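Contents: one structure, followed by commentary.
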Amino acid sequence: MSLAPIGEPRHKFTTATLREKKILHEPITCLTTYDYATARLVDEAGIDIALVGDSLAMTMLGYENTLSVTVDEMLHHVRAVRRGVKHALLIADMPYGSYHATSEEAIHNAARFVKEAGAEAVKIEGGEKRVEVIRRVIDAEIPVAGHIGLTPQSVNVMGGYKVQGKTLNAIEQLMRDAVALDRAGVCCIVLEGIPREVAAMITAEVETPTIGIGAGPDCDGQVLVFHDLVNLTFGHPAKFVRRYGDVAALITQSVLAFKADVLSHQFPSDAESYHLPKETQAALETVLHRKQAMRR
Ligand code: KIV
């Protein structure tokens, strides 16, 4: 399987395509996306997976971390992305608290992402300790993406956003987590914030495709947060982020130019204005002349 060159029709990317890509050693591309416009751009650029990550809590909604975003807020964004994505696999993040209490609640919330917003899979953070719930969601015919390593929903337990898997015990636990998710049948495993050596070992060990973020180059695919990629995050980027563009600079430049043009009466020009039809203009002038004549 190979990607269609630009301009040629593309096939729909599915959970089955994910597996094929791992077998064929073709890198999987994934970006977060949270709205219609960027979803279209990401999809039309041929990215394999559009992930509506709960990172939207910070990037789109300005929250301090991912913990407070709700299922309803996530659904709003997944629906918008659904309208913009045709080919990419659409994965929705299950937010904190939406799968932690009972499997029934997890299935109910996961099904909302599928039925109400058109998601094709959901992502659930956690390894061994979440495997039961993940199995139940998969049994309900909803593909699940796993996510282990630095799991941002555990920020308070981890005591900050710290690279995970740095001791032998931690590596063993990560390996058990990955194998448990692999056996449970997840469609992919996001490996976040772990040493590249550990990500390479996990990727070699499991049949499930791994998608890395801050996990080095040996994963089966790579994901970045869209706002990090284009510099829309207002902070110092993490070590693993590569900025491919400076949208913040472009937006600031455009906004300042608009402001300057309005203040100096340069915008809008006559060419950017609507005009009356000739007959209406002539009739209007006649009326105005008559009014002026009457006033004299
Ligand atoms: O929420 C998110 O953006 C994510 C990615 C970092 C994988 O989970």
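Quick notes on this one:
- Fraction of accessible area attributable to carbon and sulfur, the chain (%, probe 1.4 Å): 58 percent
- Between region 240-266 and region 58-97, the alpha-carbon center distance in angstrom: 26 Å
- Solvent accessible area, Å² - V287, 1.4 Å probe, full protein context: 70 Å²
- Spin-label model, R290 to A238: label points 7 Å out along the Cα-to-beta-carbon direction sit 7.3 nm apart.
- Sites R83 and N156, calculated FRET efficiency, Cβ-Cβ separation with R0 41 Å, nearest 0.05: 0.75
- Spin-label pair A271/R176, simplified geometry with 7 Å Cα→Cβ offset, distance in nm: 7.0 nm
- For the chain, a simple Cβ point-charge model (Lys and Arg +1, Asp and Glu -1, everything else neutral) yields a dipole of about 980 debye relative to the Cα centre.
- Residues in region 49-68 that a label on T14 would reach, taking backbone N under 18 Å of a point 7 Å out along Cα→Cβ: 49-50
- Measure of compaction for the chain (Cα Rg per 2.2 N^0.38 Å): 1.31
- Ranked order, V78, V131 - accessible area, probe 1.4 Å, largest first: V131, V78
- Under 5 Å, built H, 5+ apart or other chain: amide partners of K123: A92, D93, M94, A145
- In terms of packing, defined here as the mean over residues of other Cβ atoms within 10 angstrom, the peptides 20-29, 179-188, 238-247, 200-209 line up highest first as 179-188, 200-209, 20-29, 238-247.
- Less than 5 angstrom separates the built amide H of G214 from those of G193, all sequence-distant by 5 or more or on a different chain.
- Per residue, the chain exposes 56 Å² of solvent-accessible protein surface, assessed with a 1.4 angstrom probe and all protein chains in place.
- Spatial offset of region 22-54 relative to region 99-147 amounts to 20 Å, using the alpha carbon center of each.
The values are calculated or read from the model by the stated rules, or taken from the named source; none is laboratory data. Since this is a predicted model, take the numbers as computed values, not measurements. So basically every Cβ, Gly included, is an ideal-geometry build from the backbone, and we count neighbours across all protein chains shown. The accessibility values were calculated without ligands, DNA or RNA, using every heavy atom of the protein model including side chains. Shrake-Rupley method; radii C 1.70, N 1.55, O 1.52, S 1.80 Å.
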